[in-house]
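Following: one structure in C-alpha cells, then a few remarks.
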Amino acid sequence: MDDVDAVQAQIARNMLQSGDWVTARLDGITYLEKSPLIYWVMGSSFALFGVHDWAARLPLALIVVALCWITFRFGRWAFGSDAGLYAGLVLSTSVGLFLFTRILIPDAAVTLTIALAMWSFLRTLDEEEPHPKVWAALLAASLGTGLLLKGLISIVFPLGAGAIYLLATRQLFSLGTWKRLRAISGLLILLVIAAPWHILATIRNPPYFDLTMHSGPGEYRGFLWFYFINEHVLRFLNLRYPRDYNTVPRLWFWLFHLIWLFPWSFYLPAVARLKFRPLDRAGRARLLALCWIGFVMVFFTFSTTQEYYSMPIYPALALLLGSAMAEGGAWVKRGTLALAGVAVVALLVVAGLLYAVRGVAANGEFSSALAPHPELYTLSMGHIGDLTLRSLAYLRLPLMMAAIAFLMGAAGTWLWKNRAPRAFFAVAVMMVIFFHAARLAMVTFDPYLGSKPLADALMAGPPGELIEANAYYSFSSVFFYTNRHALLLNGRINNLEYGSFAPNAPRMFIDDAEFRRLWSSDSRYYLLVYGEELERLKRIIGQPALHIVKESGGNYLVSNRETAK
C-alpha cells in the first residue's frame, strides 16, 4: 500500500481513532478534497477487523462484486437471462475495472450508485412495474449516497443522462413522468442522506460563504469554497490550484476504452446493429445506456481527465455488449475470430519477450532494472512507462502465466467460434488467468511502488522523530504501517498545501535550514527520502551525518545517529 491507497486508509484510521467523522485529516492537517463515505466504510471495516491493509481493501472488493451483480440483474431485467449474464461477465473480466480497482479510490462505488440510479430510473418509469414508489425512493437514495462518495458528478451524470433520455422519448415535459419519479419526495430523501455531512463540514471549517472564482497559493477559504468551487468548478475548468494532476489528451481518452473494455471491445461493432427505439423494455434500456455513455463522455471531453474518470460508463457499455452478444449474428462471430487472432498475436509477443530475457539475470532489486519517468506519474498508470526489457526478467512467472492465458483464449475462441456461449466462457477464463498473472507482476512491483520495508525498519529501530523529504503521498505507506506523524521537508505542496493555511493548523512543514538545525541536534531523527533527493541533502549536511538504515526500491530510510544492526 502506497500513494493514494495508504492515504485513504490512514484518513479512515484517523477518523476512527479521533472520533471526528466529519473532517478528514492527514498528518494533523485538514484534508478537504474528498467526500467522506469511502473513509466511513473503511473505518467501519477497521472497527470490525482491526487496522490492516486487507481490511482497508475489503470494502472496495465487496463493492466491485455488488457492481457486477447489479449490472447482471439490470441486464437480465432489460434483455433476458443470457444478456444479463454476458453483461456481468463483460464488466467483471474487463481490463479497465481490474486495473482501476487496484487503487483505493471511490470511483467503483460511485459507478455502483450511478448504475443503481439508472436502473431505478427505468423501473420507476416502467408502466408494468408493480412497485414504482420503491424504485423512486431507491433512485433518490442512490443519488444521495453518490454525493457522499464523489460529490456533484454522482448526481450530474444520472440527471444529465436521464434528462437526455426523457427529451428523446418526449417525456421531459410530461407531468405524469414527474409524478411517477416523485421528484419532491426524492429530493427530501437525497437531502436527508447527503445534507448533514455537508452542513457539519461547512460549520466546522469556516469561513462559510466564499464564492471567489480564483485559486492560488497561500489562500484558505474554508470547506465550502474548496470543496465545491475549487474541487468541482475550477477542476472542471482546469483552473484548480494546486495543479497536482495531469490530463489525458481527449482523443486518447476516447480511444483508451478499446483497452479498458478488452477483450470484449471486439464485440462493439455488433452493438451498432442493435435497435435503440424505445418501443419495448429492451429498446428503452439500450437508449438510456446510449444517453448515459454520451453524456459522461461529452462532459469529460470539456474537462480535465484521468484514465479512470469514465468508469461510470462501464456498466452501460457492458449492458450494450451483453445485449449484442446475446442476440448473436455475423458481427459477434467476426468479433470472436478477431479476438482469436489477437490472442495468438499476444501469445507470440509474450513468447518473444520470454525468449529475449532468457539469459538475463534477475539479480538485485527490481527497481535497479527500471527506468523512472516521473513526468508520467501524475497519470494513474504512469509507472508502466518505467518498464525496460531487463526488468521483464523479474517477471518471468507472470509472463508465463499470461502466455498460458492467451493460449487458452486463442484455442477456445477458435474451436468454439460457431458456439458463442462457449467462446465467451473461454475468453472469461483467459482473462481470469491473465489477471492473476498481472497480480503476480504487481507483487514484484510492490517494493518499488510501496515503502513497507522502510516502515518495518523504522519500527524495528530505536525511538526517534520522523522527517519526510517530499509531499506526504511519497511515503504514505510508512505513515499507515507505523501510524506515525512526520515533519515534511519542503513538502508544503499538493494535497496538504491548502489545509496547512487553516487556522490552528499544526506546524508540520520545514525548510532546508530548519532541517539542518534538527539533524545536527542531540535528538535522534529519521528521514524518508528518494535516492535522487538524498544526494542533494548530502551536500546540505554532509555525508558523515547520514546513516543509512534501510534502502528499498531506490528509496531510503536514514538517520542522524548510528543504528545497531
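Since every read-out is calculated from the coordinates, none of them should be taken as a lab result. Bear in mind the structure is a predicted one, so any value in this text is a computation, not a measurement. Glycine also receives a Cβ, built like all others from the backbone with ideal geometry; neighbour counts cover every protein chain displayed.
Under the convention that each Lys and Arg Cβ holds +1 and each Asp and Glu Cβ holds -1, the size of the dipole of the chain around its Cα centre is about 1720 debye.
In terms of the mean number of neighbouring beta-carbon atoms within 10 Å, the peptides 76-89, 335-348 order highest first as 76-89, 335-348. The count of lysine pairs in the chain with alpha-carbon distances below 17 Å, taking only pairs 8 or more places apart or on different chains, stands at 6. With both labels modelled 7 Å from their Cα along Cα-to-Cβ, the ILE203 to SER520 distance reads 5.1 nm.
Excluding the site residues themselves, the longest part of the chain lacking any GluC sites (Glu not before Pro) in a DSSP loop with at most 12 other Cβ atoms within 10 Å is 129-561.
Between HIS214 and ARG170, the simple spin-label model (points 7 angstrom out along Cα→Cβ) gives 5.2 nm.
Full extension of the chain segment joining ILE259 with LEU237 gains 5.2 nm, where the gain is 0.36 nm per residue of separation less the Cα-Cα distance. Under the criterion of Cα pairs below 8 Å and six or more residues apart, the relative contact order for the stretch 452-559 equals 30 percent.
When you count the other C-beta atoms within 10 angstrom of each residue and take the mean per peptide, 1-12, 197-208 line up highest first as 1-12, 197-208.
Extension gain for VAL429-TRP178 works out to 85.9 nm (0.36 nm per residue, less the C-alpha to C-alpha distance).
Each listed q (0.06, 0.12, 0.16 Å⁻¹) maps to a log10 I(q)/I(0) for the stretch 32-327, found by the Debye formula over equal Cα scatterers with no solvent: -0.20, -0.82, -1.41. Since only ASN483, LEU138, GLY464 are under comparison, the one whose Cα sits farthest along the positive direction of the charge dipole of the chain, derived from C-beta charges on Lys, Arg, Asp and Glu, is LEU138. Highest mean first, the peptides 422-432, 474-484, 162-172 sorted by other C-beta atoms within 10 Å per residue fall in the order 474-484, 422-432, 162-172. Please report the antiparallel percentage of the DSSP beta bridges confined to the chain, to the nearest 5. Looking only at bridges with both residues in the chain, the antiparallel portion is about 60 percent. So I have [x] 80, 65, 41; [y] 121, 65, 44; [z] 130, 66, 45, and one of them is Cα extents along the principal axes in Å calculated from this model. Which one is it? Entry [x]. Amide H contacts of TYR526 (H built 1.01 Å from N, in plane; Pro and chain starts excluded): GLU465, LEU466, ILE467 sit under 5 Å, all sequence-distant by 5 or more or on other chains. By the gyration tensor of its Cα atoms, with a ≥ b ≥ c the square roots of the eigenvalues, what is the shape of the stretch 260-374: rounded for a/c under 1.5, prolate for a/b over b/c, or oblate? Oblate is the answer for the stretch 260-374, as a/c is 1.5 or above yet b/c matches or exceeds a/b.
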